[in-house]
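Written below as structure tokens is the structure these notes are about.
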Amino acid sequence: MPVRQGLVSRLLDRLRGLFSAGGGPVREPGVGLSSGLSPDVADSEPLARFLRSSKLFSAQKKIVKPAAFLPNPRDGKTSVFRHPGAPAAELWALGCRKLGEDARIHGAGIVRARDARVEGLEVAASEPPPRHANIEGWPTDGDPELQKAARKEAAIALAARAKLLLREP
Amino acid sequence: MSTALSIDTRPFNGLPAAWALERQSTAISSEAGLVREARLAVEDAIEHSQSLYGAKIEAISTLWSLADACGQANWDGEGARPAALNSVYMAEGFIRVLPEDIPLPEITPEPDGSIGLDWFVAPRRVFSVSFGTNHRLAYAWLDGTDRGHAVARFDGEAVPGRILDGIRRIAGGFCAP
């Protein structure tokens, strides 16, 4: 049937157009992420790095230690959550939902996406789970120790801008 | 009657009587004064080195407690590697050879299994050294607007000069709590 064939052909053309050149479909803000957030993390967005070890911050000095921001050795990314800026209680609830009720969360280091970007790092949404994102693009070098040193420098700078938010016991 | 000959052998403030006597002595002869000064200098030096030694022992003890606490994979809940034994030994050796004028660092486990020794003076005055599984130490610093990173070789005998200079520049005169 010519009419139906024409419709299928137009539909296929449209799909080809969506997936061509750009390497993927064009996403509208708020579309495509289960959280309903924009896939593009804005510079001003606060990011929460949950602190699940007491060794990674100092409550006395009110600082987040640089090691808290160093990337995971498995994937070279630092996992963060896009903090809605809501009351801290909602942040802890978010952490418990995403990391498990039994996950011990001592607090969070809060930075803005721009803090990572000025260090030459990138912040990319990575859902699921909802609101999850990664700080990625950490420096690489053929010399593992030099690579580590460069990453430490970026982590120190990031930690210097971080605000420590402690979870009330 | 000379009061200088009246010796009270009871302990003074918990210190041996002879020590207390020297501290209280009013002897005026030059020889006695020199002996007294020398004795006090020795006592002070011993006291200082004992205090320093004690602080280092405490730091090393903290290091091993931390290594124990971070000896399992995923100690940070984010997939960290367990603290590597070699890293712990290296960090211990480094603490042992730190010169007396350098404040002791904070000890921090790192997600790749390294041990970090950190000097935090202020959020933007930080010096950090990482101990991995070999003798090459990755280090980085932030000092106001000045910052950088590099690698230095640690022979186990002395703190590499560039690291020592960096720590002195950032943490000189600062004593970690």
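The values are calculated or read from the model by the stated rules, or taken from the named source; none is laboratory data. On a predicted model such as this, the values are computed, not experimentally measured, just so you know. As a convention, Cβ positions derive from the backbone with ideal geometry for all residues, glycine included, and neighbour counts pool all protein chains shown. Side chains are part of the model used for accessible areas, which takes the heavy atoms of the whole protein and leaves out ligands, DNA and RNA. Shrake-Rupley method; radii C 1.70, N 1.55, O 1.52, S 1.80 Å.
Things to note:
- Taking a straight Cα-Cα cut-off under 28 Å and skipping sequence neighbours fewer than 8 places away in the same chain, the lysines within cross-link reach of A:Lys61 are A:Lys77, A:Lys148, A:Lys152, A:Lys163, B:Lys56.
- Magnitude of the charge dipole for the range A:98-169, about its Cα centre and with charges confined to Cβ atoms of Lys, Arg (+1) and Asp, Glu (-1), is about 340 debye.
- Label sites at A:Cys96 and A:Ser34, each approximated as a point 7 angstrom past Cα along Cα to Cβ, lie 2.0 nm apart.
- Cut-off 18 Å (backbone N to label point 7 Å along Cα→Cβ of A:Arg104), residues of the range B:109-126: B:109-111
- Residues whose amide H comes within less than 5 Å of that of A:Gly137, counting only those at least five positions distant or on another chain, are A:Glu122 (H built at 1.01 Å from N in the peptide plane).
- Taking all protein chains together, A:Thr78, B:Thr133, B:Thr145 sort by accessible area into B:Thr145, B:Thr133, A:Thr78, largest first [probe 1.4 Å].
- Remark: the B:Arg153-B:Asn74 segment gains 25.5 nm on full extension, using 0.36 nm per residue and subtracting the alpha carbon distance.
- The phi torsions of the range B:95-100, fed into the Karplus equation with coefficients 6.51, -1.76 and 1.60 and a -60° offset, translate into couplings of 4, 4, 9, 4, x, 4 Hz, rounded to whole numbers, with Gly and Pro shown as x.
- Distant-in-sequence amide H partners of A:Glu45 (H built 1.01 Å from N, under 5 Å): A:Ala113, A:Arg114
- Rounded accessible area of B:Glu92 (nearest 10 Å², 1.4 Å probe): 30
- Label separation (A:Ser44 vs B:Arg39): 7.4 nm, computed from points 7 Å beyond Cα along the C-beta direction.
- Considering all different alpha carbon pairs of the range B:51-124, the Kirkwood hydrodynamic radius works out to 12.8 Å.
- Förster radius 45 Å - calculated FRET efficiency between A:Asp75 and B:Asp165, Cβ distance, rounded to 0.05: 0.80
- B:Tyr139 accessible area, 1.4 Å probe, all protein chains in place, Å² to nearest 10: 10
- Where A:Lys55, A:Lys152 fall by accessible area, highest first, once all protein chains stay in place (1.4 Å): A:Lys55, A:Lys152
- Centroid-to-centroid, using Cα positions, the range B:86-148 and the range A:36-98 are 24 Å apart.
- Ranking by accessible area, most exposed first, for B:Asp155, B:Asp76 with a 1.4 Å probe: B:Asp155, B:Asp76
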